Every structure is written in C-alpha cells, then in structure tokens.
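Everything below concerns the one structure shown next.
The values are calculated or read from the model by the stated rules, or taken from the named source; none is laboratory data. Remember, it's a predicted structure, so these values are computed and weren't measured experimentally. We place every Cβ from the backbone using ideal geometry, glycine too, and count neighbours over all the protein chains shown. Each accessible area value is taken on the protein alone, full model and side chains, heavy atoms only, with ligands, DNA and RNA left out. Shrake-Rupley method; radii C 1.70, N 1.55, O 1.52, S 1.80 Å.
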Amino acid sequence: MQQGDDLFTQALLNAPLAERLRPRSLDEVVGQTHLLAEGKPLRVAFQSGRPHSMIFWGPPGVGKTTLARLMANGFDAHFIAISAVLGGVKDIRDAVQSAQIAQSQGRKTILFVDEVHRFNKAQQDAFLPYVESGLFTFIGATTENPSFEVNSALLSRARVYVLESLKPEELNILLDRALTVVNEAHPDTPFTLDEDVREHLAQWADGDGRRLVNAIEIVLESALAVGQYTIDMAWLERFLPQNLRRFDKGGDAFYDQISALHKSVRGSNPDAALYWLTRMLDGGADPKYLSRRIVRMAWEDVGLADPRAMQIANDAAATYERLGSPEGELALAQAVIYLAIAAKSNAGYMAYNQARAFVQKDKSRPVPMHLRNAPTKLMKELGYGKTYRYAHDEPHAYAAGESYLPDGMEDPHWYQPVPRGLEIKIAEKMAFLRSLDEDAKS
C-alpha cells in the first residue's frame, strides 16, 4: 500500500468525510437556492449583519447544522450547539452561562438546538427570556412540523425556514466534491465510479446529503483496504444497505404519506393508492394502523354509494389479523384498489358532521310523546306512545306524514345522496317517500 493510502486511511480515522466536506461559506452550500440565492431570505439575513432567531425545518441531511455554523462564522458570533436528543436542563443552563461570558466580552452568541422538537414544553420555555433579552440568537433545527412540535411562544419569536431535500443534480455535485477530497490523498491511484454507480448512489441517498457522503466513505474505505479503485455495481451492492426510502413512523413523512394514500383513494386513482400503500409498508408503517385507515376511507369517501366497500375493507383488516405480514398485505392492497375504483360519496360523512355540529349547539329537545315507549300503566295513562303509527302496518311500510324529529324542529335534510352508485337508488326512494308525505298533508 502506498504512503498516500496510509495518509488517506489515517485521515478517514481522524476526520469523517462529512466534516471535511462541510461548507465554509454560503457559496459552497449545495442546494437550498430558494433561501440562499441572491435576494433570497437567508442570503439577505447574512448580508444584513443582523442575525435573528429562526427555525430550520426540513428532512435529514439537507444542511440545517451547516447553515447555523455559517451564520455564527458570518456574524463572528460565539457558537453553542445543543442536541435535544441528548441534552437537558443542565445543558440549557450551561449554554446561558457561556452566552453571558461571551456577552461580557462583547461577543454575540448563536445558540443552535438540534432536534428542538425533542425538548418538552418546559425546556422550550426556558429559552424565551434569553431570546427576548437578546442574550443569544436562537436557531432551532427540526424534521417535524414546528406548528405542532414547537411552543407557540417560541415559534412567534422565530422565523421558520423550510429546507428541501437535495435534488439528484445537487447530490451529484456533492458526490464529485467527495470524490475529489478522497482522491487528493492518493492522486496516483484515484477512485473512479461507474456511471450506474453514481446514479444508484444519488437514488439511494433519497435527498439526504449526509447519507450520500457517509455511504461514499464506507464504500471507498472498504475498497481501499483491498486496493480496488474502480467501483462498479457489484462492489457497491456488497457494502450499501438496500433500503432506499426515507421514512419516519412517527414524523411528518408518515402523516404526509397516509394523507397521500387517502387522497389517492378519494381521487379514484388505484395506481397512486397502491404506490403510497406499498411505500408505507416498505418503510415500516404498522399494517394494522393502515387497515384501520382503509376502513375509515371506506366509510368516509365511498359510503352508501357502494356498501360493499365497507365489507371489503373490514374483510381485508380481518384477513391481515389472521395472516399477518407479508401474506395479509395482499388483502390490504386489494381493498385499496377496490376503494379507489368504487363509486364515491361523502354524503353520509357530511350528514353526520352536520348533525353532530347541530346537536352540540342546540338545546336539549324532549322526545315527542308518540315516540316514547310505554312499558307501565302510568306511562300509557300519560299518553306515552298513544298516537304512534307502526310503519309495517301502513302502505309501502311507511307512515306517510309522520314526524320523527322533536316537536317544533324542521326537517334539516342533512343527508343528500349523490348521483353515483347505489345512492342513485337511495335518492329515488327518498323522493318517493317525500311524495307520500306531501299526499298525506293534502
């Protein structure tokens, strides 16, 4: 092995490749042009020389920590980093003390809190007086929606900047930089990557720059150990994990994808519905949770336009309970296909919501006398159920003109069948019964 190789190996041990590739200026940052291009918000913030509290919201590996460090360098500020995963109240106190020392020396402080959503309400509240007093500029980083995960008081004092996953062309820029840095250690025998390897690495990274760099480091370090300098797909597949998808069972990606699945079913697109279902199953979503949501979709979006949808959804859930994974997943898939192609109606869903909203605001209306049971002699004497008409004894098994609502309450007509599927027949039946009511009144 050559001396350069020894130096490279030592460098790998001493400094991770991701750290050696960390940008030293805004111009070196890959991606986030919607925030960093000329005239864009973060570029303007850097150029103004006046830091402000902010929250970086975005997926992993897109530069949240890097931007916070660059801000500290750009403003010549004391930089303090806390990880909410590992930190606690003591770390917050230490940060405050460090910021006070920096302030006494005439320096500004930028406090960076990674995974800020992991701090509880009390811990997040602890930052507020120091943000307001100007002791430090607060920068939080989160992969979760700050509207739900960050206290409103802290959120109101910070601007939220949404960071995006790196595009394939941006990942390729990062790949070239990584290869250049690695090859500088042994220019006589540089690494080369086949084109399909480059494409696969960019796809595998799934928009995560740190994931890409770490993968390159693992693959090249392994190749270096045996003196292989041409990386082909066969070598890549030996050292690269197979999972391509970024998925968090409890984070925004989870709720975004279940939303996409539901909307695909509602939009009658079976292929899209299948795509999101399999994405979630592949990413580790609980199939039992998915089966519950599929049943909900049947009742909410198909409704009485096709009552078979509820049966199929329930049968699919029961099948999964019996078979488990992976066999039971086929039942969920076929249920999703059926729901997507079924006639759609939210009439029952809308009627229920309207009825519920009415009852919540309305007074407590008594049950009309004719609808009350009369199990005792006293109740009969008081007139309970006296004028009740037994529908089965009437023509069409319908007591035309009878009222079943509380006295004085007009028919709200909450349920309005849609002109699709079985609800066409339901609408015809309701129109017929209403005609009988009109005839009874005349």
Scanning segment 408-426 residue by residue, those open to solvent by 40 Å² or more (accessible area, probe 1.4 Å) and without any contact (Cβ under 8 Å) to a residue 60 or more places away in the chain turn out to be G408, E410, D411, P412, H413, P419, I424, K425
Q. Is it the case that segment 398-405 has a residue that's touching a helix residue (DSSP H, G or I) at 6+ places or on another chain (Cβ under 7 Å) and in a helix (DSSP H, G or I)?
A. no
Filter segment 42-71 for residues that are of a type in the set (A, V, I, L, M, F, W, C) and in contact with a Lys or Arg (Cβ under 9 Å, 6 or more places away or on another chain); the one that is most open to solvent (accessible area, probe 1.4 Å) is W57
Taking segment 374-397 and keeping only residues that are modelled with pLDDT of 90 or more, open to solvent by less than 90 Å² (accessible area, probe 1.4 Å) and outside any loop (DSSP other than H, G, I, E, B), one is left with A391, A397
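Per-residue answers, yes or no, for (1) assigned to a loop (DSSP other than H, G, I, E, B); (2) at pLDDT 90 or above; (3) under 18 Å from I173 (Cα atoms):
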| site | (1), (2), (3) |
| --- | --- |
| G31 | yes, yes, yes |
| E38 | yes, yes, no |
| F46 | no, no, no |
| R50 | yes, no, no |
| A68 | no, yes, no |
| M71 | no, no, no |
| K90 | no, no, no |
| R93 | no, no, no |
Worksheet item: If you check A331 against the conditions, is it of a type outside the set (D, E) and within 30 Å of G267 (Cβ to Cβ)?
Response: yes
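Select, from V131, V85, the only residue that is of a type in the set (A, V, I, L, M, F, W, C), under 26 Å from N214 (Cβ atoms) and either in contact with a Lys or Arg (Cβ under 6 Å, 6 or more places away or on another chain) or part of a loop (DSSP other than H, G, I, E, B) (or both). Give the steps one after another, and end with the answer.
Details: V131 fails: under 26 Å from N214 (Cβ atoms).
Sole residue among the options that is of a type in the set (A, V, I, L, M, F, W, C), under 26 Å from N214 (Cβ atoms) and either in contact with a Lys or Arg (Cβ under 6 Å, 6 or more places away or on another chain) or part of a loop (DSSP other than H, G, I, E, B) (or both): V85.
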Going through (1) buried (at least 17 other Cβ atoms within 10 Å of the Cβ); (2) at pLDDT 90 or above; (3) part of a helix (DSSP H, G or I) one by one, H117 fails only at (2)
Scanning segment 134-160 for residues that are part of a loop (DSSP other than H, G, I, E, B) and aromatic (F, W, Y) gives F136
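Would you check which residues across segment 104-123 are under 15 Å from P51 (Cα atoms) and out of contact with any Pro (no Cβ under 9 Å at 6 or more places or on another chain) and list them? Break it down stepwise before answering.
Quick first cut of segment 104-123, residues under 15 Å from P51 (Cα atoms) only: 107-112.
R107, T109, L111, F112, listed by residue number.
Condition first: of a type in the set (S, T, Y), within 17 Å of L339 (Cβ to Cβ) and either buried (at least 16 other Cβ atoms within 10 Å of the Cβ) or in contact (Cβ under 8 Å) with a residue 12 or more places away in the chain (or both). Now tell me which residues in segment 279-327 satisfy that.
Taking segment 279-327 and keeping what is of a type in the set (S, T, Y), we get 289, 291, 319-320, 325.
Next cut, within 17 Å of L339 (Cβ to Cβ) only: 289, 291, 319-320.
S291, T319, Y320, listed by residue number.
Determine whether F148 is among the aromatic types (F, W, Y) and within 17 Å of the chain's Cα centre (by Cα).
Values: among the aromatic types (F, W, Y): yes; within 17 Å of the chain's Cα centre (by Cα): yes.
Yes: the conditions hold for F148.
Specify the residue that is surrounded by the fewest Cβ atoms within 10 Å (Cβ to Cβ); the eligible residues are those in segment 176-230 that are outside any helix (DSSP H, G or I) and aromatic (F, W, Y).
First, pick out the residues of segment 176-230 that are outside any helix (DSSP H, G or I): 184-194, 206-208, 226-230.
Pick out the ones that are also aromatic (F, W, Y) and you get 191, 229.
Values: F191: 18, Y229: 13.
Filtering segment 176-230 for residues that are outside any helix (DSSP H, G or I) and aromatic (F, W, Y), the one surrounded by the fewest Cβ atoms within 10 Å (Cβ to Cβ) comes out as Y229.
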Taking segment 95-110 and keeping only residues that are closer than 22 Å to T142 by Cα and part of a helix (DSSP H, G or I), one is left with A95, V96
Per the list (1) of a type in the set (V, I, T); (2) open to solvent by 90 Å² or more (accessible area, probe 1.4 Å); (3) in a loop (DSSP other than H, G, I, E, B), residue check on V367 breaks on (2)
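Identify all residues within segment 103-112 that are surrounded by 14 or more Cβ atoms within 10 Å (Cβ to Cβ) and more than 39 Å from the chain's Cα centre (by Cα); write none if there are none. Give the derivation first.
Keep residues of segment 103-112 that are surrounded by 14 or more Cβ atoms within 10 Å (Cβ to Cβ), which gives 103, 108-112.
Correct list: Q103 only.
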